[in-house]
Structures are given as structure tokens and as C-alpha cells.
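Presented below is the structure to which this report refers.
The values are calculated or read from the model by the stated rules, or taken from the named source; none is laboratory data. Keep in mind that what you see is a predicted model, and the values were worked out from it rather than measured. Heads up, the Cβs are rebuilt from the backbone with ideal geometry, glycines too, and the neighbour counts pull from every protein chain shown.
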Amino acid sequence: MKPEDLHHTGIVVDDLDATMEWFSKVAGYWWTDVVDVEQVGVTPQGEVTIPMRMVYSGSEPRLEFLQTVPGTIWTPADSGMHHIGYWSDDVESDLAALEDNGMRCEVKSYIPDGSGKLLWAYCKGPTGRRIELVGRAMQPFVEYWWSTADSPSS
């Protein structure tokens, strides 16, 4: 596998429609058609038919939402993806919008210049995973950090 081949982040959700609606309203996502399909799969215990319901975001980076299927691997994973990170031009305003849409702030940090402005914040809501808002002022530092990653030898 190669990092450049990553094409989506898959997230199992309990309410596909509510999750899509929330991400559309708050983060501006749009979606492919929802696919409902009976998928045949093979597990170590044998063949099973899985009622799958799923959708992809129309924008990149791609998100794939899959409806929970009890008794299968398609259940929300508490030990799985922790959060989705977004750049924010105004963390305070974006945080307020998230809170207006049912999320609660779990932790936040202020710019250490005494201005009282937020640097970043983590929120969690009733559906989906955490969202991290990172102030745009951090972008040059984070991009520099990314640039320190050693590329593997060819």
C-alpha cells in the first residue's frame, strides 16, 4: 500500500441519514446516491449476506459512511478513528456553529498571546466522530511539521 492510494475515510454510523444531513449542514458536504445492497461476504464462520447501506462524499478528502449492521464488523468502533481535523479561519465562530448543531466542546486551547482567541478545539456530537478545529494561524507550523516527514526510499 502507498499513502497516495488512500482514497477515503470509512465511518460506520448508527443513523446514515442524520449523519449525512449534519455533515451537509455544518461542513458543506454533498453526497453520492445512497446505495442499499445485499452484499455476500465470507467470514471465518462462513458465508453471510449483509444488508449494506452506504454513501460517499462528493468532495475530497472522501468520506464513506456505512450504516451500522449489528452482529458484523460494521458497528461503530470506539477504538477506531478519533477525529476529523479542519482548518478554521475563526475557531470561535466555527465552534459556536458546531455547538448550535448539537456538538459539545470537549477541550479547547487559546493562543498564548493573551488575546483570548481560540487556537484549537475538539468537539463531539450525537452522531459521527470528533471534530477538531485548528486555527488557520497554525497552518504554517503544521505544514512545516508535515514537511519533516521522511519519504521512504524508492
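Residue-level check: of (1) over 21 Å from Gln139 (Cα atoms); (2) of a type in the set (D, E, K, R); (3) touching a residue at least 12 places away in the same chain (Cβ under 8 Å), Asp89 misses just (1). Of the set (1) surrounded by 15 or more Cβ atoms within 10 Å (Cβ to Cβ); (2) at pLDDT below 90, all apply to Pro61 but (1). Evaluation of Leu98 against the conditions (1) assigned to a strand (DSSP E or B); (2) at pLDDT 85 or above; (3) under 25 Å from Leu16 (Cβ atoms) shows that the sole unmet condition is (1). Gly71 passes every criterion in (1) surrounded by 11 or more Cβ atoms within 10 Å (Cβ to Cβ); (2) part of a loop (DSSP other than H, G, I, E, B); (3) at pLDDT 80 or above; (4) in the same structural domain as Trp30 (by TED's automatic domain parsing) apart from (1). All conditions in (1) outside the structural domain of Gln139 (by TED's automatic domain parsing); (2) surrounded by 14 or more Cβ atoms within 10 Å (Cβ to Cβ); (3) in contact with a Leu (Cβ under 9 Å, 6 or more places away or on another chain) hold for Leu118, with the sole exception of (1). Please verify whether segment 76-89 includes one or more residues that are surrounded by fewer than 14 Cβ atoms within 10 Å (Cβ to Cβ), at pLDDT 90 or above, of a type outside the set (D, E, K, R) and not assigned by TED's automatic domain parsing to the domain that holds Asp17. There is no residue in segment 76-89 that is surrounded by fewer than 14 Cβ atoms within 10 Å (Cβ to Cβ), at pLDDT 90 or above, of a type outside the set (D, E, K, R) and not assigned by TED's automatic domain parsing to the domain that holds Asp17.
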